[in-house]
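Worksheet for the structure shown next.
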Number of protein chains: 2
Amino acid sequence: ALLWKSKSTFTSFDVFFLQMGWGDLGVFGEPSKETPNLDQMASEGMLFLDFYTANPLCSPSRAALLTGRLPVRNGFYTTNAHARNAYTPQEIVGGIPDSELLLPELLKKAGYINKIIGKWHLGHRPQFHPLKHGFDEWFGSPNCHFGPFDNRALPNIPLYRDWEMIGRYYEDFKIDLKTGEANLTQIYLQEALDFISKQQASQQPFFLYWAIDATHAPVYASKQFLGTSQRGLYGDAVREIDDSIGKILKHLQKLGISENTFVFFTSDNGAALISAPKQGGSNGRFLCGKQTTFEGGMREPAIAWWPGHIPAGGVSHQLGNVMDLFTTSLSLAGLQPPSDRQIDGIDLLPAILQGKLIDRPIFYYRGNEMMAVRVGLYKAHYWTWSNSWEEYSKGIDFCPGQNVSGVTTHTQEEHTTLPLLFHLGRDPGEKYPLSFASNEYQRAMEQISVIVQQHKVTMVPGEPQLNVCDKAVMNWSPPGCEKLGKCLKPPKSDPKKCFWPH
Amino acid sequence: ALLWKSKSTFTSFDVFFLQMGWGDLGVFGEPSKETPNLDQMASEGMLFLDFYTANPLCSPSRAALLTGRLPVRNGFYTTNAHARNAYTPQEIVGGIPDSELLLPELLKKAGYINKIIGKWHLGHRPQFHPLKHGFDEWFGSPNCHFGPFDNRALPNIPLYRDWEMIGRYYEDFKIDLKTGEANLTQIYLQEALDFISKQQASQQPFFLYWAIDATHAPVYASKQFLGTSQRGLYGDAVREIDDSIGKILKHLQKLGISENTFVFFTSDNGAALISAPKQGGSNGRFLCGKQTTFEGGMREPAIAWWPGHIPAGGVSHQLGNVMDLFTTSLSLAGLQPPSDRQIDGIDLLPAILQGKLIDRPIFYYRGNEMMAVRVGLYKAHYWTWSNSWEEYSKGIDFCPGQNVSGVTTHTQEEHTTLPLLFHLGRDPGEKYPLSFASNEYQRAMEQISVIVQQHKVTMVPGEPQLNVCDKAVMNWSPPGCEKLGKCLKPPKSDPKKCFWPH
């Protein structure tokens, strides 16, 4: 039975945003079934079977979650070349524009305390700092934990506590690439538990955005998890995350605030098959992985958990998107989404609490190109591409062991006049395009074409933020570096077009 | 808590043996999640994650389940060509030899009433009749429901009730290939419910072998299920089976005998990807499907259910095989397996009731060739083959959309001196063979080689039953045909070597 709390009761949010593939969860058929806590979270909450990220890459997906808008609107894309994925390496000049309204900025007005734990990824220069965009607290890094770097050509990535850096990866926060050992997930877990305790003690509604690095390559796990998985190091990392999420949920229950805390688990892109099996996970039976607009790149595991509100063991076919977490959270906080701009996220509460199905399309972008769209059970590809022959010949394969002729193409193939159409119910693996001559194709495309045209006509792209790179803007001297004696001298500014190979 | 019943208490068995792929079950990640009853059966019972069939094709798997022996021992294989799958089409001359001891024959001695509902598939000539091999009752067909045939070149497949035919598929038991409508599963369901009621009323322990045709191509479903699945006709058939199994389990509960009935659900081979998506299911992320010795061909969904005995929600990594159902059933009935022959099945009760892991290999055969072996998490391929170039060029593809170089080969590739080795924990999709030079390869193969040598040295193949075909032996005039006016005249006997293309 549903128990709908009045909006005047504060509801806190906990969003787990990770890089895990659909196929990494036991509940989605991972053959080792090593995610007992996530599986239990699903059995106590609602499992989304048709949930998507906004982009097959990390930074744009994160920007989309926090703004409720497609990356092509909020600026997290590139126009340097056609249909290219782009993100925020440390030489990126751009970041989240001030004109964007982020979820924590809005929640703040309703009295929420907002914390990000983990990877920010929306720009690392001072103006892009998360505490300038609505967050009250930050513990984590602005970029991915790549490295170790030599601190001359490239500085190691800093970790921040709020406004100041407190050390760097590989230096002060060890990651042993040989053994795969790093205790970062434990640190991030403790940080979450402490924050929740503090908010509970002060009766403060909160938004916790737990966006930790783990399972992104280079993969690591804490000592007590190393060697515990059937799946090797990647599995060890998954087990540690699963264990951590279990601990956070139990913590909420122990503190007696689980019924006041809406928790959502999902991923920012599909598993990076290019790094599999040692450093990458699984997208189950879906086609390809991260970087692509096939289902393996963008269909995500997703679980909503809110004891006493969400019926246990629920399953939803609602087409969902990480952008919906923006709108849904506002709705839970009794706030309206901004009306001065296009918001792509929808309020999922009717789907979650009343089992309704809301009609809406899912758009699959690469850069500023709409590659595909899903409407109902149909998915139409207007462009297909995995990666270039040049990259592929170097061993970079986004679809290892998979090859669907005319679909997983190594040249950018345009299908805008006659889109490739798949029925994702019968064919979730995108292997059998429908015949162009079939009635089914005609009927489905009639409906889809209208939606696509409407989308394109009303699309106002934002200023692209991911076009310019400059080694001078890297994390040479983050605030707080003086205290630590860790300031490095930047090279002369030399802005260039970033090179995005895929 | 476990509640182990004394062996003097009769335990009945219900074995569901179907053709469904691992990936067809919601609990194994089918994206439409349309098997609520099987998912619930798993949550009330024990899910096996590493369970196999004895052969990637139907007849040999069924012979293996009922004899507890590999097909190469019980005669269900061919030597007509190297490493070929063979089964029992209606022109087959062979069948289950009298020298084989079948599970129902043994259970009979302990007072069990045995019934087979559905496809027998162990030979259709009089001497192979299931009631000559231990079954007390039969409702179903000897062969697959292929057709419709013209009754001149090929007779339609008969349905038997016990000793006599009661009609033929497409004639008396309609299957509408255009709409996919057939009410056969409902008939088979009712037959199961009636049998269980009868046994319960007479306090008679029973063995029910529910081996229905549905989900095998040509796929059908009853009217009330047509069009109800997101997955098309195949999904409709899966939903009907799922619904039927739910009804059978509820029936056992309603009659108060669920705690006395050990129920097992599994499949005789992986989903037939060659028929996908309309007529074939899914093997999730496993490689290839039916007909192959890759995981997609032989790893099966498997659930044990026995309320009050098997702890709810259990998960087992025990390497299991359909042949184990022979030995496990005997153990539950307080019987010993025959000691005058090699039995390949093991007693799974320690794994099911006490969570023990029993060390044992899994052998993957095609014909009389051991193609591969699994030991622990390692799988070594001694031969690889999907199908021939000739067949493949005709569009027959056992691995659609999948291509692992040097693994899914279209010529029979021998690796007996240096087997291809996979770690199924890290790489369940068999995409990344281990380096021959690695220590891990050396260590694993040392262990595996001993097991394989032992297996080969002690192997005594049975007389091959699937070598000779003759149109004269087809179902022209099954017993009972006179009453129905359905006797057909057989052609002159002309025995030939059967042709097995893959």
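The values are calculated or read from the model by the stated rules, or taken from the named source; none is laboratory data. Please read these numbers as outputs of a predicted model, since none were measured by experiment. Positions of Cβ are generated from backbone atoms using ideal geometry, with glycine treated the same way; all protein chains shown enter the neighbour counts. Surface accessibility is based on the protein's heavy atoms, side chains included, excluding ligands, DNA and RNA. Shrake-Rupley method; radii C 1.70, N 1.55, O 1.52, S 1.80 Å.
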Checklist entry - Taking the Cα centre of region B:369-458 as origin and charging only Cβ (+1 Lys, Arg; -1 Asp, Glu), how large is the dipole, in debye to the nearest 20? => result 300
Item to check | Karplus-derived HN-Hα couplings along region A:461-471 (A = 6.51, B = -1.76, C = 1.60, θ = phi - 60°), whole Hz, x at Gly and Pro | outcome: x, x, 5, x, 9, 10, 9, 10, 10, 7, 4
Checklist entry - Counting only residues 5 or more places away or on other chains, whose amide H sits under 5 Å from the amide H of A:Leu159 once H atoms are built in the peptide plane? => result A:Ile166, A:Gly167, A:Arg168, A:Tyr169
Item to check | Antiparallel content of DSSP bridges confined to the protein assembly as shown, in %, to 5 | outcome: 55
Next on the checklist: So for chain B, averaging the separation of alpha carbon pairs under 8 Å that are six or more residues apart and normalising by length, what relative contact order in percent results?
Outcome noted: 25
Checklist entry - So which cysteines of the protein assembly as shown have no other cysteine's Cβ under 4.7 Å from theirs? => result A:Cys58, A:Cys144, B:Cys58, B:Cys144
Item to check | Rounded, prolate or oblate (a/c below 1.5 giving rounded, otherwise prolate when a/b exceeds b/c) for region B:12-360 by Cα gyration tensor | outcome: rounded
Checklist outcome for this item: In chain A the accessible area split gives carbon plus sulfur, as whole percent at 1.4 Å, a share of 53
Checklist entry - What residues does region B:229-252 have that are buried by at least 10 Å² of accessible area in the full protein assembly compared to the chain on its own, 1.4 angstrom probe? => result B:Gln230, B:Arg231, B:Gly232
Checklist entry - Among residues other than A:Ile343 whose Cβ falls under 13 Å from its Cβ, what is the net charge (Lys/Arg +1, Asp/Glu -1)? => result -1
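Taking every pair of alpha-carbon atoms in the protein assembly as shown, give the share separated by more than 59 Å as a whole percent.
13
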Checklist entry - What are the distances, in nm and sorted shortest first, from the label point of A:Ala472 to the label points of the same position in each other copy, with each label point placed 7 Å from Cα along the Cα-to-Cβ direction? => result 9.6
Checklist entry - Hey, what number do you get for the protein assembly as shown at 222 nm if only DSSP H runs of n ≥ 4 count, each worth -39500 (n - 2.57), divided across all residues, to the nearest 500? => result -7000 deg cm²/dmol
Checklist outcome for this item: Under the 7 Å Cα-to-Cβ spin-label approximation, A:Thr179 and B:Gln354 lie apart by a distance in nanometres of 3.7
Checklist entry - Do the alpha carbons of any pairs in A:Lys278/B:Lys431; A:Lys431/B:Lys394; A:Lys290/A:Lys356; A:Lys33/B:Lys278 sit beyond 24 Å of each other, and which pairs? => result A:Lys290/A:Lys356; A:Lys33/B:Lys278
Item to check | Computed E for A:Lys132/A:Met459 - FRET, C-beta separation, R0 35 angstrom, nearest 0.05 | outcome: 0.80
Checklist entry - When ligands, DNA and RNA are left out and all protein chains stay put, how many square angstrom of accessible area per residue does chain B have with a 1.4 Å probe? => result 34
Next on the checklist: Under the convention of a label 7 Å out along Cα→Cβ, give the distances in nm from A:Ser449 to the same position in every other copy, shortest first.
Outcome noted: 6.5
Checklist outcome for this item: Long-range amide H partners of B:Ser477, meaning residues 5 or more apart or on another chain whose placed amide H is closer than 5 Å, are B:Leu488
Item to check | Protein-protein interface of region B:19-41, residues with accessible area decrease of at least 40 Å², isolated chain reference, 1.4 Å probe | outcome: B:Gly29, B:Pro31, B:Lys33
Item to check | Convex hull volume per residue for region B:1-155, taking Cα atoms only, in Å³ | outcome: 172
Next on the checklist: For the rotation taking chain B to chain A, which residue of B has the Cβ nearest the axis, and how many Å away is it?
Outcome noted: B:Gly29, 1
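Which FRET efficiency, nearest 0.05, do B:Lys489 and A:Glu259 yield, Cβ-Cβ r, R0 60 Å?
On the way: r = 76 Å, r/R0 = 1.27.
Calculated transfer efficiency: 0.20.
Sorted by accessible area with a 1.4 angstrom probe, largest first, how do A:Trp389, B:Trp163 fall?
Ranking A:Trp389, B:Trp163 by accessible area, largest first, yields A:Trp389, B:Trp163.
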Item to check | log₁₀ of I(q)/I(0) at q = 0.13, 0.22, 0.23, 0.32 Å⁻¹ - region B:460-502, Debye sum with one point per alpha carbon | outcome: -0.44, -0.80, -0.83, -1.07
Next on the checklist: Report the number of Lys pairs in region A:163-250 whose alpha-carbons are under 20 Å apart, with separation of 8 or more residues or on distinct chains.
Outcome noted: 5
Item to check | Distance between region B:264-301 and region B:28-72 - C-alpha centres, whole angstrom | outcome: 10
Checklist entry - Which distances, shortest first and in nm, link A:Arg341 to the matching position in the other copies, using label points set 7 Å out along Cα to C-beta? => result 7.4
Item to check | lysines whose Cα lies under 17 Å from that of B:Lys492, excluding same-chain neighbours fewer than 8 positions away | outcome: B:Lys471
Checklist entry - What is the diffusion coefficient of region A:412-476 in µm²/s, taking the Kirkwood radius over Cα pairs and the Stokes-Einstein relation at 4 °C with a viscosity of 1.567 mPa s? => result 84
Checklist outcome for this item: Expressed in µm² per second, the diffusion coefficient of region B:214-312 from the Stokes-Einstein equation, with Rh the Kirkwood radius over alpha carbon pairs, at 25 °C and 0.890 mPa s, is 165
Checklist outcome for this item: Whole-Hz Karplus couplings 3J(HN,Hα) for region A:13-23, θ = phi - 60° and coefficients 6.51, -1.76, 1.60, Gly and Pro as x, run 10, 9, 10, 8, 10, 10, 9, 10, x, 3, x
Checklist entry - For B:Lys108 and A:Asp172, what does the FRET efficiency come to when R0 = 45 Å and r is the distance between their Cβ atoms, rounded to the nearest 0.05? => result 0.05
Checklist outcome for this item: Using alpha-carbon coordinates alone, the radius of gyration and Dmax of region B:335-406 in Å work out to 17.8, 51
Checklist outcome for this item: Residue by residue through region A:496-502, the couplings from Karplus 6.51 cos²θ - 1.76 cosθ + 1.60 with θ = phi - 60°, in Hz, x for Gly and Pro, are 9, 5, 5, 9, 10, x, 9
Checklist outcome for this item: Length gained if A:His82 through A:Arg443 is fully extended, taking 0.36 nm per residue and subtracting the Cα-Cα distance, is 126.9 nm
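Give me the summed buried accessible area for the B-A pair, 1.4 Å probe, to the nearest 100 Å².
Adding both sides of the contact gives about 2900 Å².
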Item to check | Computed Rg/Rh of region B:369-458, alpha carbon atoms with Kirkwood Rh | outcome: 1.00
Checklist entry - What residues have an amide H closer than 5 Å to that of B:Phe207, excluding those fewer than 5 places away on the same chain, when H is modeled at 1.01 Å from N in the peptide plane? => result B:Phe13, B:Ile113, B:Asn114, B:Lys115
